[in-house]
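What follows is calculated from the coordinates using simple rules that are stated; it is not laboratory data. These figures come from a predicted structure and were not determined experimentally. Here the Cβ positions follow ideal geometry from the backbone for every residue, glycine too, while neighbour counts run over all protein chains shown.
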Amino acid sequence: MTRLLSGVALAAAALAAILFLPLPGLRAIACLVAVLAAREYLNIVHQDRRAPDTLPLLLLVALACWWFSDPGRAGVLPLLLLGVGWVAVEVVFRGRGADRARVRLLAPWYIGMPLGMLATVQAVGGRTATVLLIATVIVSDSAQFYSGRLFGRRPLAPAISPRKTVEGAMGGLVVATVFFTLAGSWVFPAARRASLALLGVTIVALGICGDLFESRLKRTAGVKDSSALIPGHGGVLDRIDALLFATPVYYLYLRG
C-alpha cells in the first residue's frame, strides 16, 4: 500500500508540474531533481556524504541542467571546457585519482544534461510530447515486469540484475513501441509511422540500458536502492534511470 500511495502521489506531482508550471518553474524543478539524483549517484559510486566535498559538483550538475533546459541555447562546448577544468581541479588541487575524478564528472552529463533536455522537450514539443516520453517509459517498465513474470525464462543480464529476463525485455520493447507509435501519431500527426516506430524502439531500448546501467552501479556498491527518499520506490535515481538514457534521443528528434 505504501508503494502504491507514494507512486500515485509521485505521478500526480509530476503530471501537475508538466501541465501547469511555466517553463522557468519546470526548469527549476528539473534542476532540483537533478541535484537530488546526483547526490544519490555520488553516494553510490564513492559514498561521498560530506556536503562541502560534493557541493561544487552538485552545483555543476544544476548548471548543466539549467543550460540544456534553455531551448534557445545550443552547443556543449562551454560545459565541456568547464568539465575539463573541473577534472584538472580534482586531480591537481584536490589530489584525486584521474579515474575517481572522471566518475564524479559523469554526474553532469549522466543526470544534469538529460533532465535539462527533458524541460526543453516541453518547450519545443509541448506538454503532450513530454507526457508521451514519460508514458512510454512507464509502459515499458510495466510491460517488462508483467512479461517477465508470465514468460520469463532466460536472464537478460544475470550479473547485473538477476530478475530481468530476455522475455520481459522483449515484452517491454514490443508493447511500449506499439504504444509510442500509436500515441505518437496523435502527438506528431505529420510524422510517418515507420519513423515513429524506429524512434519508439530506440527510446525503449535505451531505457532498458539506463535501467541496467544504474543496476550495475548499485550492485558494484552493494546497495539495493539509490536512497530511501521515496517510500516503497527507493530514490530519485531509481525512478528516472531509464528516462536519463531515453531522453537525449527524443530531444534530438524534436530539435532535428
Self-check item: FRET efficiency, 1/(1 + (r/R0)^6) with R0 45 Å, evaluated for L21 and R153 via beta carbons
Solution: 0.55
Self-check item: FRET E, pair Y146, A194, Förster distance 22 Å, beta-carbon r, rounded to 0.05
Solution: 0.20
Self-check item: Likely footprinting exposure, L133, L55, fewest C-beta neighbours within 10 Å first
Solution: L55, L133
